[in-house]
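Engineer: Please find one structure pasted underneath; my questions will follow.
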Amino acid sequence: MSAARRTLLHRLVVGDIIHATTPNGASLICLVTRLTKIQVEARVVTTQKTVRIDRNTCLGRLGAEAVACAVDSVAPLPVAIHNEMLGIDRKFRLAQSDEDAKLTNSEKDALIFIDTFYSERPI
């Protein structure tokens with residue numbers, strides 16, 4: 001991995017949102033929850049699964065199944081979209097019923113926006 005990519009991973013702080021992808025193409029919108037010298041720990045906002053990413057390689061493991069994934073963008077989201085992602089994370093983390101987890105139109109729009117945003121800003 002390039003020094004520039006490694007530097008970007010080392011600039012992350014708790015609360016940042018990053019993007020990773022699994023080998024089958026699954027999109028992982030990840031909220032950084034913990035950092036160590038060698039690892040980024042994050043939570044996928046839509047599934048609440050934990051992702052652990054090596055800060056030196058950008059490679060990680062998703063959930064208890066340890067599905068391989070790789071960080072492909074750390075571009076900062078526009079504030080409004082970032083806030084929508086925080087809202088989705090909170091909603092899915094605290095939902096007590098399927099109705100509680102129902103997405104609003106603005107949340108759906110934010111997820112659609114992210115699809116092209118991160119792909120246009122790779123690391």
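Engineer: Per the 1.4 Å probe, what fraction of the accessible area of the chain, in percent, lies on carbon and sulfur atoms?
Structural biologist: Its accessible area is 54 percent carbon and sulfur atoms.
Engineer: Additional query: Measuring from a point 7 Å past the Cα of GLU120 along Cα-to-C-beta, which residues in the stretch 11-29 have an amide N at less than 17 Å?
Structural biologist: 19
Engineer: How high is the relative contact order of the chain, given as a whole-number percent (alpha carbon pairs under 8 Å, six or more residues apart)?
Structural biologist: 21
Engineer: Using a probe radius of 1.4 Å on heavy atoms only, what accessible surface per residue do you get for the stretch 54-123? Whole Å² is fine.
Structural biologist: Ligands and nucleic acids excluded, the result is 61 Å² per residue.
Engineer: A further question follows. What distance in nm separates the simple spin-label points at ARG11 and ASN24, each placed 7 Å from Cα in the Cβ direction?
Structural biologist: Modelled inter-label distance: 3.4 nm.
Engineer: In whole Å, largest first, what are the principal axis extents of the Cα atoms in the stretch 38-123?
Structural biologist: Ordered largest first, the stretch 38-123 gives principal extents of 39, 30, 16 Å.
Engineer: Which lysines, if any, have their Cα less than 30 Å from the Cα of LYS108, not counting same-chain residues under 8 positions apart?
Structural biologist: Hits, sequence-local ones excluded: LYS49, LYS91.
The values are calculated or read from the model by the stated rules, or taken from the named source; none is laboratory data. Every value quoted in this text rests on a predicted model; they were computed, and no experiment measured them. Backbone-built Cβ (ideal geometry, glycine too); neighbour counts: all protein chains shown. Surface accessibility is based on the protein's heavy atoms, side chains included, excluding ligands, DNA and RNA. Shrake-Rupley method; radii C 1.70, N 1.55, O 1.52, S 1.80 Å.
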